[in-house]
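All of the numbers you see were taken from the coordinates with simple rules; none came from a lab. The model shown is predicted, which means the values in this text are computed figures rather than measured ones. Neighbour counts are summed over all protein chains in view; Cβ atoms, including those assigned to glycine, are modelled from backbone coordinates with ideal geometry.
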């Protein structure tokens, strides 16, 4: 499953009250995965672990001073964006 498919499951949870209630009663990742699969989302433990890691990396970049576009100074002293 891709991160987009996991996001599809989360969107379904946001938009369906019954599903939201079922997710709220899950006690662990295994129950959540079983519920997702019951509703046709092929979620695996690896998907949750990868999403957790991806989210942690994204949060780090959001809070860091490193910007997504890097500035390179050319020999003439002008600054331009690396591509």
Original post:
Going by average Cβ neighbours within 10 Å, how do the peptides 19-31, 35-47 rank, with the highest at the top?
Top reply: 35-47, 19-31
**OP:** Quickly work out the residue 63-to-residue 21 label distance, labels modelled 7 Å from Cα along the C-beta direction, and quote it in nm with one decimal.
**Re:** 3.7
**OP:** Between residue 49 and residue 14, with labels modelled 7 Å along Cα→Cβ, what's the label distance in nm to one decimal, could you check?
**Re:** 2.7
